[in-house]
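Novice: Before I ask anything, let me first share the structure, which is written out below as structure tokens.
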Amino acid sequence: MGNCLFSQGADDQSLLNESEGGSLPGEPPPAARQESDQPVPVYHPNPGETRLACHLTEEEQIRIAQRIGLIQHLPKGVYEPGADPSHKKVEECVICMMDFEYSDPIRFLPCLHIYHVDCIDPWLMRSFTCPSCMEPVDAALLSSYETN
């Protein structure tokens, strides 16, 4: 059997995109596509829930902004093996399972665990607990603000 929609120089993909509606299953309709190649921000307002930023309620946006602010207050540094005796035990980020390398940007949690900044920040946007010890990060941060 052949393709009944065969035309010279056209394939199934181009035929679907040129037709009315123009989107494939699972793709956003043409009106919803962004003009730029920048990714659409996706947030997790509640565990197990994923939504685009434009679909969040005002309360959810405020909660996410507060969480981003708390994450930005967590100390950051650069991995320097041997600079601190406690770093000798820590050789890999438990999120990505990659070894820390000299000058990798890291973030310190209040429980003293360290992670790559690019690994822990998205983790904390989903769950505000340490991935190693499950200690709530926000409780430790809020108590440190109250003592100062």
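Novice: Counting Lys +1, Arg +1, Asp -1, Glu -1, what net charge surrounds LEU109 among other residues with beta carbon under 12 Å of its beta carbon?
Specialist: On the way: positive: LYS76, ARG107; negative: ASP121, GLU135, ASP138.
After counting each charged neighbour, the total is -1.
Novice: Mind ranking 111-120, 66-75, 53-62 by how tightly packed they are, going by the mean number of other C-beta atoms within 10 angstrom, highest first? Before the final figure, lay out each step's value.
Specialist: Details: 111-120: 18.5, 66-75: 13.3, 53-62: 11.4.
Final packing ranking: 111-120, 66-75, 53-62.
Only the coordinates and a few stated rules stand behind these numbers; no lab work does. Bear in mind that the values here come from a model prediction, so they are computed numbers and not experimental data. As a convention, Cβ positions derive from the backbone with ideal geometry for all residues, glycine included, and neighbour counts pool all protein chains shown.
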